[in-house]
Amino acid sequence: MGAKLRPMQNRSKVRLGLKVIHRHRAGQSTFRRVSELVFVGGRPKAVLGWIDTGGVRTPIYICELDPAKLRKAAATKNTYYYDEITVDPRYEPAAYPVRTAKHAGR
């Protein structure tokens with residue numbers, strides 16, 4: 001028999017790891033958001049979106065966080081506050097590579 005597929009985790013359920021509370025801009029809207037907080041190479045990142053890849057929950061959209069603007073919540077375990085607005089990359093214009101003279105004729 002094949003492996004049993006697990007459904008994506010429900011975002012409304014309690015997160016087990018670290019979380020960060022931050023102001024977040026998506027397009028023209030800015031709102032308060034709670035995201036999962038991870039550290040990659042010692043640098044903090046807010047995970048904005050997840051996908052299921054073969055039953056493994058994998059981050060797909062992240063925001064870099066400035067460690068100087070990240071502070072531990074005094075009263076809540078595993079929670080941090082971020083004192084800056086994060087930007088959702090899904091709503092930003094795509095950056096196109098600059099054409100060099102070598103490739104201009106193509």
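Laboratory data are not the source of any read-out in this text; all were calculated from the coordinates shown. None of these values were measured; they are calculated from a predicted model. Positions of Cβ are generated from backbone atoms using ideal geometry, with glycine treated the same way; all protein chains shown enter the neighbour counts.
Here are the numbers for this structure:
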quantity	calculated
Sorted by Cβ density within 10 Å, fewest first, the residues SER29, SER35	SER29, SER35
Label point distance in nm, PHE31-ALA73, each placed 7 Å from Cα along Cα→Cβ	1.8
Peptide ranges 76-88, 52-64 listed from the most packed, as the mean C-beta count within 10 angstrom indicates	76-88, 52-64
Per-residue ³J(HN,Hα) for region 65-80, Karplus 6.51 cos²θ - 1.76 cosθ + 1.60, θ = phi - 60°, Hz, x for Gly and Pro	10, 7, x, 5, 9, 9, 9, 6, 6, 5, 9, 10, 5, 6, 10, 10
